1. For the stretch 1-15, which residues satisfy the criterion of being buried (at least 18 other Cβ atoms within 10 Å of the Cβ) and touching a residue at least 60 places away in the same chain (Cβ under 8 Å)?
2. Which condition breaks for F310 when tested against (1) more than 14 Å from G159 (Cβ to Cβ); (2) assigned to a loop (DSSP other than H, G, I, E, B); (3) touching a residue at least 12 places away in the same chain (Cβ under 8 Å)?
3. Quickly run through the stretch 104-138 and pick out the residues that are in a helix (DSSP H, G or I) and surrounded by fewer than 20 Cβ atoms within 10 Å (Cβ to Cβ).
4. Does any residue of the stretch 215-226 turn out to be outside any helix (DSSP H, G or I), more than 22 Å from V18 (Cβ to Cβ), out of contact with any strand residue (DSSP E or B) (no Cβ under 7 Å at 6 or more places or on another chain) and modelled with pLDDT of 90 or more?
5. Which members of the stretch 256-278 meet the condition of being closer than 16 Å to V157 by Cβ and in contact with a strand residue (DSSP E or B) (Cβ under 8 Å, 6 or more places away or on another chain)?
6. For the stretch 47-57, state whether one or more residues are assigned by TED's automatic domain parsing to the domain that holds I93 and free of Cβ contacts under 8 Å to residues at least 12 places away in the same chain.
7. Could you please give the count of residues in the stretch 71-95 that are in contact (Cβ under 8 Å) with a residue 60 or more places away in the chain, within 22 Å of the chain's Cα centre (by Cα) and crowded, with 18+ Cβ neighbours inside 10 Å?
8. Report the residue count in the stretch 31-60 for those that are touching an Asp or Glu at 6+ places or on another chain (Cβ under 7 Å) and crowded, with 22+ Cβ neighbours inside 10 Å.
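The values are calculated or read from the model by the stated rules, or taken from the named source; none is laboratory data. All figures in this text were calculated on a predicted structure; none of them were measured in a lab. Neighbour counts are summed over all protein chains in view; Cβ atoms, including those assigned to glycine, are modelled from backbone coordinates with ideal geometry.
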Amino acid sequence: MREVWVYAESEAGRLHPVVDELMGEGRRLADRLGGSLGAVLLSPHDSLAGELALWADRVYVTPDPRLDRYTDERHSQLLARLIEAYRPEIVLIGGTRRGKSLAPRAAARVGTGLIADCTSLKLDEDGLLLAALPTFGGRLLATIVCPNHRPQMATLVPGAFASGPKGAGGKIINYPWADPEAGTVKVLEQKPLPVDDRPLKGAEIVIAGGRGMGSRENFVLLEEVARLLGAAVGASRGAVDAGWTGPGQLIGQTGAIVRPQLYIACGISGATQHVVGMQRAEVVVAVDKDPKAPIFDLATYGIVGDCREFLLELKRRLPAPCSADEENQGKND
């Protein structure tokens, strides 16, 4: 039976949020192939296998304590051995920092190709994976195939795919890690990266600015309004290229893909590269001077006008955020 695999990234006993999306896309591809869905868990926290079994038909687990601290060497070696042992048709890996490092190493070990940063996947009549990804700085979408090698491997952009339904539960298969290769990297200590108070991915409210904001001064105003709203700040390519904000705020094909409940687009015309990153927002409020801007075709509410005037008025109407002491006092009252 042709099997689609998902690498189930985990840390500190928790699955990465991208696993939900990978399982959804993996199930869709497996059904199209007439095959099954498998998940690979390389972690000593084997309790996660039961959670994965609610999605997958088979869960391949190596609950070895040496896997508690992630290294590219260890995990790519073991993933490659599993692929060689069970020979899946397709392997999907999240396009996270870890996934982008792990995937090419595992692909090289098994002698296959890798399609990176995919935003959509299809199968042709022969089961060949057709992977779409942005290229030329996000200006074009290319379709890449890997026709002559197996498995077909791809990393998927987090946020670009729908979650999958859970089912009755699959079979858990333990795969022992015998005779590991000697590694050259030793992890001495792990420290989490500092997390912003309002990360872009997963934010319920996002307010984003584009080239139509006109200046860094106006973008600072947008950031002030974001703090009052409790929103994350995003940007289009034009605003990032102008230096008004950093590349970490970029939303679109070459940036983050977000699904907020409310998305406010200020001075963003609605180019395809940007729309890919925000088109799944529940409510879209667009503000732009150009009444013919494509963003209005997506907008739930559209405002034809000056972004600065809109933000100043919004700022005036929003209440100032409470301090921690005031919030605690309110709870006591």
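1. Of all residues in the stretch 1-15, those buried (at least 18 other Cβ atoms within 10 Å of the Cβ) come to 3-10, 15.
If the condition is that a residue be buried (at least 18 other Cβ atoms within 10 Å of the Cβ) and touching a residue at least 60 places away in the same chain (Cβ under 8 Å), then E3, V4, W5, V6, Y7, E9 are the ones that fit.
2. (2)
3. Filtering the stretch 104-138 down to residues in a helix (DSSP H, G or I) leaves 104-110.
The answer is P104, R105, A108, R109, V110.
4. Of all residues in the stretch 215-226, those outside any helix (DSSP H, G or I) come to 215.
Within this subset, residues satisfying the condition of being more than 22 Å from V18 (Cβ to Cβ) are 215.
Now narrow it down to the ones that are out of contact with any strand residue (DSSP E or B) (no Cβ under 7 Å at 6 or more places or on another chain): 215.
With modelled with pLDDT of 90 or more added as a condition, the list becomes 215.
Yes, the stretch 215-226 has at least one match.
5. Looking only at the stretch 256-278, we keep the residues that are closer than 16 Å to V157 by Cβ, and these are 256-259, 272-278.
If the condition is that a residue be closer than 16 Å to V157 by Cβ and in contact with a strand residue (DSSP E or B) (Cβ under 8 Å, 6 or more places away or on another chain), then A256, I257, V258, Q273, H274, V276, G277, M278 are the ones that fit.
6. Looking for residues that are assigned by TED's automatic domain parsing to the domain that holds I93 and free of Cβ contacts under 8 Å to residues at least 12 places away in the same chain, one finds none in the stretch 47-57, hence no.
7. Qualifying residue count for the region: 7.
8. Filtering the stretch 31-60 down to residues touching an Asp or Glu at 6+ places or on another chain (Cβ under 7 Å) leaves 33, 35-38, 44.
Now drop any that are not crowded, with 22+ Cβ neighbours inside 10 Å, which leaves 37-38.
Counting residues in the stretch 31-60 that are touching an Asp or Glu at 6+ places or on another chain (Cβ under 7 Å) and crowded, with 22+ Cβ neighbours inside 10 Å gives 2.
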